[in-house]
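Please treat every number below as a calculation from the coordinates, not as lab data. Since we're looking at a predicted model, the values are computed, not measured. Every residue, glycine as well, gets a Cβ built from its backbone with ideal geometry; the counts of neighbours run over all protein chains shown.
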Amino acid sequence: MQLKHTVVWILALSLLFATAIVVLDRLTEGTPWNQTVTYLMVAVWFVPISVLASRAQQAERTQRS
């Protein structure tokens, strides 16, 4: 995967998860598990972002070589 494609995926995924977090926050507002849902979404977001960030680093290293 090229570096530009990885960066685009990171941005798109981040915007998607940000939208989902805001929507879920509004849907669960006033419930006892509102904060738990938000933290869970951030944790779920972290996994693919970490994978994509490592791919971006690998792509950058191969482009430098």
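Listed values, structure above:
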quantity: For segment 3-64: relative contact order, % (alpha-carbon pairs under 8 angstrom, 6 or more apart); calculated: 54 percent
quantity: Of Ala18, Ala43, Ala53, the one that fluctuates the most in a GNM where the chain has Cα springs shorter than 10 Å; calculated: Ala43
quantity: Charge dipole of the chain about the Cα centre (unit charges at C-beta), most positive-ward option of Ala53, Ile21, Asn34; calculated: Ala53
quantity: Filtered chymotrypsin sites (Phe, Trp or Tyr not before Pro), segment 1-51: DSSP coil and at most 15 other beta carbons within 10 Å; calculated: Trp33
quantity: Using alpha-carbon coordinates, inclination of helix 3-27 to the longest axis of the chain, degrees; calculated: 0 degrees
quantity: Between 0 and 90°, nearest 10: helix 34-64 axis offset from the chain longest Cα axis; calculated: 0 degrees
